Amino acid sequence: MPAGGFSSVTPAGVEFEAKITPIVIISCIMAATGGLMFGYDVGVSGGVTSMPDFLKKFFPVVYRKTRNPGIDGNYCKYDNQGLQLFTSSLYLAGLTATFFASYTTRRLGRRLTMLIAGFFFIAGVVLNAAAQDLAMLIFGRILLGCGVGFANQAVPLFLSEIAPTRIRGGLNILFQLNVTIGILFASLVNYGTAKITGGWGWRLSLGLAGIPALLLTVGALLVVDSPNSLIERGRLDEGKAVLRKIRGTDKIEPEFLELVEASRIAKEVKHPFRNLLKRRNRPQLVIAVALQIFQQCTGINAIMFYAPVLFDTLGFGNDAALYSAVITGAVNVLSTVVSIYSVDKVGRRVLLLEAGVQMLISQVIIAIILAFKVKDHSDDLHKGFAILVVVMICTFVSAFAWSWGPLGWLIPSETFPLETRSAGQSVTVCVNLLFTFVIAQAFLSMLCHFKYGIFLFFSGWVVIMSIFTLFLIPETKNIPIEEMTERVWKQHWFWKRFMDDDEVADVTNGDIAKKNGHANGFDPTSEL
């Protein structure tokens, strides 16, 4: 590939010229800071919930149990619905906000939706850092959740639309890379603030979330909206100018015409959510929903939310627990970089399948160690086994970070056609946040009741999702977004039946519509 750029070839043989321009790279990096905010929120909650001063102020019952191990066993000392609500309320709010974000993404554009997310993040950070009671703390988390809903709706779409085809996967994974950097940043901050005397270290941890919040807000002010979004809203000249700017060439007419045609078709759809349920859109919808469920059922967010709590439960001690969380956070970042390098070379399916085997083995080994070495009232985990647990958790995290983490967002964002893309992304985010909420709210209780069996529970899901990938997830690397139907879905051994049947139905309905239109002046498809 030439250093200056590349071209992608459509089935008709038309080349879309596109250089990897600085404005594309800068825009994608700035947009992906939404992932930085999301990751920091994920990582910081587990750290502060293991800090004695934070527990003493907001969760005195949990504080007493951690001070007196005899009250409850190792596995149950953090089992508290209020404590879990502190973490999970963010995701429930994000679930609700994504419905509004779907409207703003479609009507106001990707850029403005990212800006709204930034404002929500800033307001939530201020409330959390200044919290005086549990209600104030939870309300701040709800505002952060609204920011997550808007950011997770707009950022993956923006990245997929602005990136040239051959590096779309890598640039899209910048969002997930920033999530992992945010988690690592939060773990490092928690490790430092936990040592602050005076009882205000947790406020600094929560307050430093303002840094990524400001980065996202400033980034949203600086980036240009995607050509797809501008054309979709009828701003054709501006969309063409932006396309020329981001592609670094004047030969953008074929791609521009394809975007205009896709937008024209999309505008004929009056009810995108209803259209999403049509037969021809079923493959994308099923895969998008399944990916989000499977992503959460790997157990990754349970580990990343509660890493310090989990390590403390296993007998590492508070400092060692936070230190171990930093290690897993660093592994998370490095492994996501591996995904950026490999996703557009080896493809999506290879990464997903390899990771399934790696996650399964690591979780089974962890479960075996805990079954024999960590009892309800054991004082400490032997150093050798403790190291092995950390290694296995890092092995699990690395597999997730170069596969199900980034690809759970990438694949849905690049497979929905334009007419259902915003609605499809909304459903994707909604399902993701719903199951994130469920796992976050239930994990500590599950840990209490399942004990070591919780890792066997998650490993069972890994088997199911790997089988699903093997048979039902097609390869989408290097396929232009607007050509997925012809080159992916109509070629897949199972999903092609939905394309063929729907085409017949469309032709039939079109003929009926024409006849009715001549006879009555009414098009029955106008209400669809």
message: Taking C-beta distances below 4.7 angstrom as the pairing criterion, name the unpartnered cysteines of the chain, in sequence order.
response: CYS28, CYS146, CYS297, CYS394, CYS430
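Where does the charge balance sit around PHE100 when Lys and Arg score +1, Asp and Glu -1, over other residues with C-beta under 15 Å from its C-beta? Intermediate values should be presented prior to the final figure.
On the way: positive: ARG106, ARG107, ARG110; negative: none.
With Lys, Arg at +1 and Asp, Glu at -1, the neighbours total +3.
Which pairs, out of LYS77/LYS451; LYS245/LYS267; LYS251/LYS496; LYS278/LYS496; LYS270/LYS496; LYS373/LYS451, put more than 22 Å between their alpha-carbon atoms?
Details: LYS77/LYS451 12 Å; LYS245/LYS267 25 Å; LYS251/LYS496 34 Å; LYS278/LYS496 14 Å; LYS270/LYS496 25 Å; LYS373/LYS451 12 Å.
Where the Cα-Cα span goes over 22 Å, the pairs concerned are LYS245/LYS267; LYS251/LYS496; LYS270/LYS496.
Classify the chain as rounded, prolate or oblate, taking a ≥ b ≥ c as the square roots of the eigenvalues of its Cα gyration tensor: rounded when a/c is under 1.5, otherwise prolate if a/b is larger than b/c and oblate if not. All intermediate terms of the calculation are to be shown ahead of the outcome.
Values: a/c = 1.97, a/b = 1.76, b/c = 1.12.
The shape class here is prolate.
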message: What does the extension gain come out to for VAL463 and GLU486, with contour length at 0.36 nm per residue minus their alpha carbon separation?
response: 5.2 nm
- request: Once you have a ≥ b ≥ c as the square roots of the Cα gyration tensor eigenvalues for segment 233-308, tell me rounded if a/c is under 1.5, and otherwise prolate or oblate according to whether a/b is larger than b/c.
  value: oblate
C-alpha center-to-center spacing [segment 51-113, segment 156-215] in angstrom: 17
statement: In nm, the gap between the two label points placed 7 Å beyond Cα toward Cβ at ILE265 and PHE450 is 4.2
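Please identify the helices of the chain, taking whole runs of DSSP H, that span at least 24 Å along their own axis as judged from the Cα atoms and have a mean Kyte-Doolittle score of 1.0 or higher. Spell out each step's value before the answer.
Details: long enough: 81-107 (38 Å, 0.28); 110-129 (29 Å, 1.52); 134-162 (41 Å, 1.51); 168-193 (38 Å, 0.95); 318-342 (36 Å, 1.07); 348-373 (37 Å, 1.52); 383-401 (27 Å, 2.21); 418-450 (46 Å, 1.13); 453-472 (29 Å, 2.26); 496-520 (35 Å, -1.18).
For the chain, where a helix must reach 24 Å along its axis and average at least 1.0, the hits are 110-129, 134-162, 318-342, 348-373, 383-401, 418-450, 453-472.
Assigning unit charges at the beta carbon (Lys, Arg +1; Asp, Glu -1) and nothing else, what dipole magnitude in debye, to the nearest 20, does segment 85-184 show about its Cα centre? Walk me through the numbers before you get to the answer.
Working: 7 positive and 2 negative charges, 85 e Å.
Charge dipole, segment 85-184, about its Cα centre: 400 debye, nearest 20.
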query: Which is the longest run of the chain containing none of the chymotrypsin sites (Phe, Trp or Tyr not before Pro) found in DSSP loop states (not H, G, I, E, B) with at most 15 other C-beta atoms within 10 Å?
result: 201-492
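Rounded, prolate or oblate, given the Cα gyration tensor of segment 172-311, with a/c below 1.5 counting as rounded?
Numbers: a/c = 3.24, a/b = 1.73, b/c = 1.87.
In terms of gyration-tensor shape, oblate.
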query: In nm, to one decimal, how far is the LEU221 label point from the ASN68 one, both placed 7 Å along Cα→Cβ?
result: 5.3
- prompt: How many percent of Cα pairs in segment 174-256 exceed 20 Å?
  reply: 57
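Every number here is computed from the coordinates shown, using simple stated rules; none is lab data. Worth saying up front: this structure is predicted, and the values here are computed from it rather than measured. Note that we place each Cβ from the backbone using ideal geometry, even for glycine, and neighbour counts take in every protein chain shown.
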